[in-house]
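Peer 1: Below you'll find the structure I mean.
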Amino acid sequence: MKTVADLCDTAIPSPSRLQIVTPNLLKSYGSKPSFHGPIKTLRCLESNPSVRSLLSSPGLGRVLIVDGSGSLRCALLGDQLASLAVTNNWSGIIIHGCIRDSAIIKKMPIGVKAVGTMPVKSKKDYPGEVGVNVAFGGVEFREGWWVYADEDGVIVSETELDMEE
C-alpha cells in the first residue's frame, strides 16, 4: 500500500493532479492514521445534526469532509458519532474544526483528523449544507474527488490514485 509521500512522488511530474493540505493544520485522532476514499462534503458552523445524519448512513468507504470554518469554540464530532462512522463503514472523517472524546476515538478503527480538541459539544440548531464544495488548508474538496491521509499529510485528487506498490 502506497503512502501519501509515495503518491506525491508519483504525481510530482504532473502536480496539477494533486492538492496538498497546509502542513500541520490537522492532527490525527483515530486509530487508523492512514485512510482514503471518495469525498462526501458538509459545511456547518458549530452545529452538527448533519454530521450525525451523514454518519448514520452507509459510508461505502467514503471520507466525510466537514468544513467547520476552523472554529475552536465547540466540537463537531465525539465518540458517539465516530462510533456511527465505524458501524456504517466510513473510511475516515476530516474536520476543519474540533472533536471531543479524543481518548476514546483514538481506540476506534477509523481515520479522524481535525484541527484540535474542545470538550464543549456543538449546537443542534443548524443542519449545514451537504454536498457543497468546501475549501480549507489551501485545498478545495469536491464530492466524488478522492482524499488520501496519513501521518505525513493530506492530499486531494480529482480521480482515484493507484494505491498498489
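Peer 1: Find the strands (runs of 3 or more DSSP E) located wholly in the stretch 57-164 whose residues include 3 or more that are in contact with a Ser or Thr (Cβ under 6 Å, 6 or more places away or on another chain) and of a type outside the set (A, V, I, L, M, F, W, C), and list them.
Peer 2: Correct list: empty, since no element meets the threshold.
Peer 1: Now for a separate question. What number of residues within the stretch 1-50 are touching a helix residue (DSSP H, G or I) at 6+ places or on another chain (Cβ under 7 Å), within 29 Å of residue 100 (Cβ to Cβ) and among the basic types (Lys, Arg)?
Peer 2: Adding up the residues that qualify gives 1.
Matching residues to (1) small (Gly, Ala, Ser); (2) touching a Lys or Arg at 6+ places or on another chain (Cβ under 8 Å):
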position	(1), (2)
49	no, yes
64	no, yes
96	no, no
116	yes, yes
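Peer 1: Filter the stretch 42-66 for residues that are closer than 21 Å to residue 150 by Cβ, of a type outside the set (Gly, Ala, Ser) and touching a Phe, Trp or Tyr at 6+ places or on another chain (Cβ under 7 Å) and give the result.
Peer 2: Within the stretch 42-66, 62, 63, 64, 65 qualify.
Peer 1: List pairs: first in the stretch 16-30 and at pLDDT 95 or above, second assigned to a helix (DSSP H, G or I) and of a type in the set (A, V, I, L, M), Cβ under 7 Å, 6+ apart or cross-chain?
Peer 2: If the second residue must be assigned to a helix (DSSP H, G or I) and of a type in the set (A, V, I, L, M), the pairs left are 29/105; 30/105.
Peer 1: For the stretch 47-80, enumerate the residues that are among the aliphatic types (A, V, I, L, M) and more than 15 Å from the chain's Cα centre (by Cα).
Peer 2: Selection gives 72 alone.
Peer 1: Return the residues of the stretch 1-25 that are among the aliphatic types (A, V, I, L, M) and over 24 Å from residue 162 (Cβ atoms); say none if nothing qualifies.
Peer 2: Residue satisfying the conditions is 25 alone.
Peer 1: Any idea which residue in the stretch 28-46 is surrounded by the fewest Cβ atoms within 10 Å (Cβ to Cβ), counting only those that are of a type in the set (Lys, Arg) and over 11 Å from the mean Cα position of the chain (by Cα)?
Peer 2: 32
Peer 1: Can you name the residue in the stretch 90-112 that is farther than 8 Å from residue 31 by Cα and out of contact with any strand residue (DSSP E or B) (no Cβ under 7 Å at 6 or more places or on another chain) and, of all such residues, is surrounded by the fewest Cβ atoms within 10 Å (Cβ to Cβ)?
Peer 2: The residue in question is 103.
Peer 1: Within the stretch 114-129, how many residues are in contact with a helix residue (DSSP H, G or I) (Cβ under 7 Å, 6 or more places away or on another chain) and surrounded by 15 or more Cβ atoms within 10 Å (Cβ to Cβ)?
Peer 2: Residues meeting the conditions: 2.
The values are calculated or read from the model by the stated rules, or taken from the named source; none is laboratory data. Quick caveat, the model's predicted, so the values are computed rather than measured. A quick note on method: Cβ atoms are made from the backbone with ideal geometry, for glycine too, and the neighbour counts reach across all protein chains shown.
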